[in-house]
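Following: one structure in structure tokens, then a few remarks.
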Amino acid sequence: MKHTIQMGLLASIVAITGCTVEDDKFTDEDVARAVECSNQNGRDICRNPLGLDTWGVATLSNGELTCRALYCVSPFSEVPEYPGLTVWDVENRLIPVYFLDQVDKRFNYALDQVELAVGRTMFERHGVINLNIDAPTDIDYSRLDSGGGIIFSQATAVCNDSVCSSSNVSTAPYSDSIPRYITTDYQKIWRASGHGFVWVNLDAAEYPGSDTMVKTASENSAIHELAHVLGMHSHFDGFSRSEAWSHNASRVLKTMYYRGNPPGVPYFAMYIR
Ligand SMILES: [Zn+2]
């Protein structure tokens, strides 16, 4: 709705000044900066909106790694002084994806649009799974033999004090716990502690298990949430600001997953798509 109003306003400005709507689009410099900010490079060029340290060192206790930052290097490694592009290494391993209970057309839409945008296969699609989510933080994932991946789920977006999101990414259904990642050479590895799965939740139910939705997510919101998992961690013009997904957002994702920009490439050396 907000977007419609702004476009209406823009249309009248265009009519008066004669400039084109293309002026609304990112330049290559804008794309480069949005990649660096959204990927949370850990320096001061943009504020960290997650309220987390971007880079940390994972700690090991009782055989389990814990990461309190967004990205962690393994214990006894050092946090990089000038971090590079941090992404999933899809060249070596496709990202396993599961659908909880059903095929929702927004799940496939998001996956298809991302693969179309970046021009390569990104996902290993495992289809529909069933999990008991009555205890969201104590789910038995043992039947999913990939050891990690993305779970798309309908009706499990987070609500806090009856304020609900239409969609969100988390470590569990009905949760706003932010996934954190162990990295090796700037490749995102599965979430640091516990089960290793990242949840993409679309639509908020009146209460867990209810068939009544209080918030529903658009197709573009589904792509938006998937892009968060892929490494776009903050918002910018055309990625939540004014629109959930846009040409600008698509260019940022394309740049991040362009074959010529491998994990760890310095931001200044990226090819801009
Ligand atoms: Zn977002």
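The values are calculated or read from the model by the stated rules, or taken from the named source; none is laboratory data. Small disclaimer: the values here were computed from a predicted structure and weren't measured. No Cβ is skipped: glycine too gets one built from the backbone with ideal geometry, and neighbour counts run over all protein chains shown. The area values use the complete protein model at the heavy-atom level, side chains included, leaving out ligands, DNA and RNA. Shrake-Rupley method; radii C 1.70, N 1.55, O 1.52, S 1.80 Å.
Check whether at least one residue in the range 113-125 is under 24 Å from Gly209 (Cα atoms), part of a loop (DSSP other than H, G, I, E, B) and open to solvent by less than 30 Å² (accessible area, probe 1.4 Å), and report yes or no.
No: zero hits.
Considering every residue within the range 99-107, establish whether at least one is surrounded by 18 or more Cβ atoms within 10 Å (Cβ to Cβ), assigned to a loop (DSSP other than H, G, I, E, B) and out of contact with any helix residue (DSSP H, G or I) (no Cβ under 6 Å at 6 or more places or on another chain).
Yes; the residues of the range 99-107 include at least one that is surrounded by 18 or more Cβ atoms within 10 Å (Cβ to Cβ), assigned to a loop (DSSP other than H, G, I, E, B) and out of contact with any helix residue (DSSP H, G or I) (no Cβ under 6 Å at 6 or more places or on another chain).
Would you check which residues across the range 180-215 are of a type in the set (S, T, N, Q) and within 16 Å of the ligand (Cβ to nearest atom) and list them?
If the condition is that a residue be of a type in the set (S, T, N, Q) and within 16 Å of the ligand (Cβ to nearest atom), then Asn201 is the only one that fits.
Could you please give the count of residues in the range 222-243 that are within 10 Å of the ligand (Cβ to nearest atom), open to solvent by 10 Å² or more (accessible area, probe 1.4 Å), outside any loop (DSSP other than H, G, I, E, B) and in contact (Cβ under 8 Å) with a residue 60 or more places away in the chain?
1
How many residues are more than 16 Å from the chain's Cα centre (by Cα) and open to solvent by less than 10 Å² (accessible area, probe 1.4 Å) if we restrict to the range 244-273?
Total meeting the criteria: 1.
Working only within the range 113-143, note down all residues that are over 12 Å from Ala172 (Cα atoms) and of a type in the set (Ser, Thr, Tyr).
Residues satisfying the conditions are Thr121, Ser142.
Go through (1) more than 28 Å from Ser246 (Cβ to Cβ); (2) in contact with a Lys or Arg (Cβ under 9 Å, 6 or more places away or on another chain); (3) at pLDDT 95 or above one by one and return the number of the condition Cys159 breaks.
(1)
Which of the residues that make up the range 53-68 are closer than 16 Å to His233 by Cβ and either in a loop (DSSP other than H, G, I, E, B) or more than 20 Å from the chain's Cα centre (by Cα) (or both)?
Correct list: Asp53, Thr54, Cys67, Arg68.
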